[in-house]
Every structure is written in structure tokens, then in C-alpha cells.
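Here the structure comes first, spelled out in C-alpha cells, and everything after it is commentary.
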Amino acid sequence: MTVTLKDGSTMTVEKGKKIIDVAAEISEGLARVALIARVNGKLVDLSREITEDCTLEILTFKDEEGRNAYRHTCAHILAQAVKNLFPEAKLAIGPAIKTGFYYDFDLPSSITMDDLPRIEKEMESIIKADLPIRRSVVTRKQAVTKMRGFDEIYKLQLIEDMPRGTEITLYSQGNYVDLCAGPHLMSTGKVKCFKLTQITGAYWKGNEQNKMLTRIYGTAFDKKSDLTAYLQAMEEAKKRDHNKIGRELGIFMTDELVGQGLPLFMPKGAKLMQILQRFVEDEEERRGYMLTKTPLMAKSDLYKVSGHWDHYKDGMFVLGDEAMDDEVYALRPMTCPFQYLIYKNGIKSYRDLPCRYNETSTLFRNEASGEMHGLTRVRQFTLSDAHIMCTPEQVEDEFKNILDLILYIEDCLGIRDQITYRFSKWDPKKKAKYIDNPKGWNDTQALMKKILDDIGLDYVEADGEAAFYGPKLDLQASNVWGKEDTIITIQIDFGLAERFDMTYVDEKGVKQRPMIIHRSSIGSYERTIAMLIERYAGAFPLWMSPTQVKVLALTDRTAGRCEEISATLKKAGIRTELDLRNEKIGFKIREAQLEKVPYMLIVGDKEAEAGLVAVRSRKNGDIGTMTLEAFMARVRQEVESFALDN
């Protein structure tokens, strides 16, 4: 058989030769680090045989697919250990993820973090045993019989969900058998080092109507030094987790009486959101946007016209029952239908375009309970929303202008280096998910691709991630735990102008359909605030800090002067707090540091008599005495330049 390698070279091997032996023939060193292979574009185990001419790529831990197989094998080792320790446990799913792996179990009794060392010890025994991992292709009936024999009720559901004709494979290691597509390592002993990291709850199939299972997370590496570095990074992540810092700093809270996914913004958090909102709305106005204010709910009739009722109803909060009520309402999941009606209020000429409507919108999404997390996944959120109605000839310039606005905001926030870009396209196989207009999809996707390529944007493509009415550019960012979320989207909409009968009169007096671009500029304020908390560990840049300056009285004698200084700062628009408590100055300074206040002004007898303030920086400590006017000029300069390093 002729095997073509990644570098284009070829080699001749005997038919039936195992891939691991081919790897050894290439290099003994390669065989030692080989994990899986890609044959004719398909990922396979190293124990598979060469049966035809093919392309072959040997994958190691350096390759994403190799890492995934390594960690997926570790997930199976975790499942085997849990079954050994808790024979009545039922297996659900156990995939590799970006940061490691997890496995979901239905356990006979609850477990805690204190149980993880015991499970790890059992996993180490399985790895030390170096059990061969074997793949077998079975019929649907054989798979059902095997899983029924093990009483694996969740695996039986997975088999039932598989389309007819799907190849079904089982993987076994020792006494453990799992339903799995693979590929896997050749034996358990190939796993070098791992660590179990977390226990959470997870609904079966992510549906809150299903049973809550126990999810055990872990990670695995091929080098102990890399595992150590990762665990140290995770410890740092805990310190930066917005869910922890945000609560400690009094930015937001949650309460069971209110409900999941409904955060309460406390004074500092509300001030931070107000600062960001004013910044965004002012910048958008400078760039030609017109502000709208629309209702938080509407009749189902509106969502039926827009298509949300057909494509998005499960994600909406519906008020009423169509079978019983004359009028059914729903909380809005997005703003676009409302702004389209504003556009339709009066005849539009080509001279009126582009027409840019923006709105700081409160929106509602009926997220599953198991998906709720801090400020990143909520049921009510605030979006910097906008829709641009324009002529086809204006689409490219408008798209570029939108991206320019977004990049400017990212630079001011200091988060541009955290953003990656995803071109999200439709999947023609999922017809029910999208507006049925193949030509519209193909034309619009080609247009968006041209724009992105002209800009020179570095992006990845993702099929099946488009909005139901058009393709989009998603701006992605990862939190401190490595989980990626969409921060901002720009969407080109080819369908809704027709649904809403939106028109403009062109130069020849003929009615035409406008093109529509949906966009955000800072995204969901809640999700962006979470990102900022983690980026700065709560120590926000001066311009966005809820409290910019804290005035500290050294003695009771200087309290009056401190009050005058505070009043002067506030009158100048500098966000100031006053600390006149009868406490030692060291205690006051430490408290202000813990609150992440950028500047402290300390006023003792000498400063009060000389008309000066002793300035202490959050970052640099004492920076000397100066006049209040000089300090205010310093603050104004930092704020106006959106300085990030203070």
C-alpha cells in the first residue's frame, strides 16, 4: 500500500500493517509520542490497520485532535474508576473539552471534593495497569444488549437517539466497556499525568426537565510541568473569577427569591454600567446613530412576522396561552422588530439611508437553569443594540464602520487582544433552523466573506452558527476558566426587510428593499462587565472605576478640609468617596486598596495647612504631595485619554 505523509512524501507498507508500526518505521521517537492518526481525513486509533492507499498523519499531544483523544481516554479512566468505587453508578457522557475533560454520572449518593483524591488513586491504579484499549464495531442490537446488561440507562437513550445506519462502536479497557465513537489511545498507561479539578451538577442532555447528574471535571497533560503550570493558572483564575470578585467588591449579587440568571446590580455595579452606557451612547451618537426606546414586550403577532415565533419561541418568555387567550404577549429576546416598525413610520428615500437606530435594550432569554453563570449567562441582560438600514451599495462601508466602532471601544476597554473572530454561516441541512432561501444565504455569505477578506480580518468559519435570518461575524472571548462566549455580533440580514415590507425609494423613484445590518458595539453589558472584572481582577482603569478617588482624613482635625476636597472633586465630575472614620490611616489605606480604588488622597495637618494633598496610587504607592488642582489635572488627563495603566 502507498501511504502519503503530511509533508507530501510517500512510503510503501504491507497491507494490514498497524498504524503504530508505520509510525515506528518513520521514527521510533514519533512512535513513542504518537497518540492517534488521521487517515484520509478521518481520525482513527493507532491500532487500526492500513488496508488501502491513503494519506496518513500521526498526531501527538501537540495537535488539538491528539490532546482531545488523550483527555477523552482520561475521561474513560475516570468513568472506570468511579464504576469500580461505586458499582451502582450510571454512566452518561464524558467528552474532552478545551481545558481537559469531564464525565457525567448518576450516582447512588452524593459526593464532594473530599472524594476526589480517592477517585484519583483508583485512576492511577488503572493507568499503572496499562490496560489495552480495544475498539469493536457492533450492531445496534448488540450495543443495546451490552448496555442493557450493564444497566446503563443513559447509554441506551444515546443508542436510541442515533440515526439508523450510524456505525456503532464500543471501547473496552479491562472490565470497563463504553459506548463511544473514539478514537482513543492504545492503552491506559499512555496517560502520564492528570488532576480532577471540580464537581458540579449538570442536567442530562442539558435539559432542566431531566435529572440532575454529577459532573466531575479534570484535566490531563503529557508532561508534569505543564500540568503544574495549568493548575497554577487555575489558582490565579480563581482569584480573577468575576463571580467571586464581583460579589466581594459589591458589584452584583444574586438572591434565590429573585431567581436564577437575574443578577442584582449594587451601587458600584450600577455605576459601572452607567459609565459604560454613557460612553457607548455618546460615541454612537458621534457616529450618526439615532437613539430609540421601545417596549420590553409585544404581542405574539409581532414575533410571528419577524420569524422569532417559529425559530426562537423556546428561548422566549411567553405571557399567556395561545389556546386560551385572545392576545398572547412575550418578553422581547431582541430589539430588531420594534426598530423596523419605527423605520416603516413614513416613506424613506435613498437620501435617508443609511438609517442607523441604536438602543440600550433590556432583553430576555429563557436560558436553561443549568446554563446560568454569574453575569455571563443570564435571563435578563442589557444590550448595546443597533440596526442599520442601507442600500446594497452601502453595506460594505457600513460593515467596516461598525467594525471600526467596535475596535475603538475594545481599545478603550483594553480587551482587544482577548478577542477572536468567527464567521458564522448557515447549515443547509438544518432547514428548520433557518429562513428557507438558499440564494439569499449564499449571496449574503459571499458578500460577508468578501468584506472580511478585504478588511484582512483573521477569522475562522463555523457552519450552523448563523442567526436564523442571516450570517454573522461573532467576536469571541474566553473567561478565566477557558470557556468561550460570544461577546459581540454583526449580522447581515437578507430576509426581514421583506417580512416587514420595509422599503425605500431609489434615485429612479422605484421602491426597493433595504439591506439590514444587526450589530452590537460593546455587547451585553453584563457579559462585558464580567470580562472586565476578570481582565483587571476588579482593579478597573481610572476612567471606568465606580470610585476614582478616596479622600482619607489622617486625624479628626482635618475632617473639614477633607470634606471641602471631596466636594471640589465631585463638582469637577470626579467620582469620590470620603473616609472620616476614627481609624488608623494604615487601616483606611488597606481597605481602599482592597476596594481597588485607583487613588487615595491623604490629608494630615501639614497638608491641610499647606493646601496640598498626599497622593497614593493603587499601583505605585505614595507618589508625593501636590496641589489639588494639579491632582485634578492628572485625573482629567488619564480619563480623557482612556489610560489603562493606573
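The values are calculated or read from the model by the stated rules, or taken from the named source; none is laboratory data. For clarity, every value in this text was computed on a predicted model and none was experimentally measured. In this analysis, Cβ positions are derived from the backbone assuming ideal geometry, glycine residues included, and neighbour counts consider all displayed protein chains.
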So which residues in segment 590-602 are more than 13 Å from V549 (Cα to Cα) and of a type outside the set (D, E, K, R), if there are any at all? L594
When restricted to D411, D352, D385, the only residue within 28 Å of the chain's Cα centre (by Cα), surrounded by fewer than 18 Cβ atoms within 10 Å (Cβ to Cβ) and among the acidic types (D, E) is D411
May I ask you to verify whether K450 is at pLDDT 90 or above, assigned to a helix (DSSP H, G or I) and out of contact with any Lys or Arg (no Cβ under 7 Å at 6 or more places or on another chain)? yes
So for segment 278-298 (the condition being of a type in the set (S, T, N, Q), closer than 30 Å to F494 by Cβ and out of contact with any Lys or Arg (no Cβ under 9 Å at 6 or more places or on another chain)), does at least one residue qualify? yes
I'd like to check something: does segment 373-383 contain any residue that is over 30 Å from T200 (Cβ atoms) and at pLDDT 95 or above? no
Identify all residues within segment 290-311 that are buried (at least 17 other Cβ atoms within 10 Å of the Cβ) and either out of contact with any Ser or Thr (no Cβ under 9 Å at 6 or more places or on another chain) or outside the structural domain of F364 (by TED's automatic domain parsing) (or both); write none if there are none. A298, S300, L302, Y303, S306, G307, H308, H311
Any chance segment 427-439 includes a residue that's more than 26 Å from K511 (Cβ to Cβ), crowded, with 16+ Cβ neighbours inside 10 Å and in contact with a helix residue (DSSP H, G or I) (Cβ under 9 Å, 6 or more places away or on another chain)? yes
From the list L85, L56, L43, L30, exactly one residue is closer than 23 Å to R215 by Cβ and surrounded by fewer than 24 Cβ atoms within 10 Å (Cβ to Cβ). Which is it? L85
Please work out which residue is surrounded by the fewest Cβ atoms within 10 Å (Cβ to Cβ), limiting yourself to segment 561-584 and to residues that are part of a helix (DSSP H, G or I) and either charged (D, E, K, R) or at pLDDT below 95 (or both). K571
Taking the options G269, G288, G259, name whichever one is under 24 Å from the mean Cα position of the chain (by Cα), part of a loop (DSSP other than H, G, I, E, B) and either on the phi > 0 side of the Ramachandran plot or modelled with pLDDT of 95 or more (or both). G259
Residue list for segment 238-263, filter: within 21 Å of K98 (Cα to Cα) and surrounded by fewer than 15 Cβ atoms within 10 Å (Cβ to Cβ): K238, K239
Return only the number of the condition from (1) within 30 Å of D321 (Cα to Cα); (2) assigned by TED's automatic domain parsing to the domain that holds Q157; (3) within 24 Å of the chain's Cα centre (by Cα) that Y217 does not satisfy. (1)
List every residue pair whose Cβ atoms lie under 6 Å apart, where the two residues are 6 or more positions apart in sequence or sit on different chains, the first residue falls within segment 93-107 and is at pLDDT 95 or above, and the second residue, located anywhere, is of a type in the set (D, E). I93/D104
Helices (runs of 4 or more DSSP H) wholly in segment 69-185 with at least 2 residues that are closer than 30 Å to A229 by Cα and of a type in the set (G, A, S) - which ones? 116-129
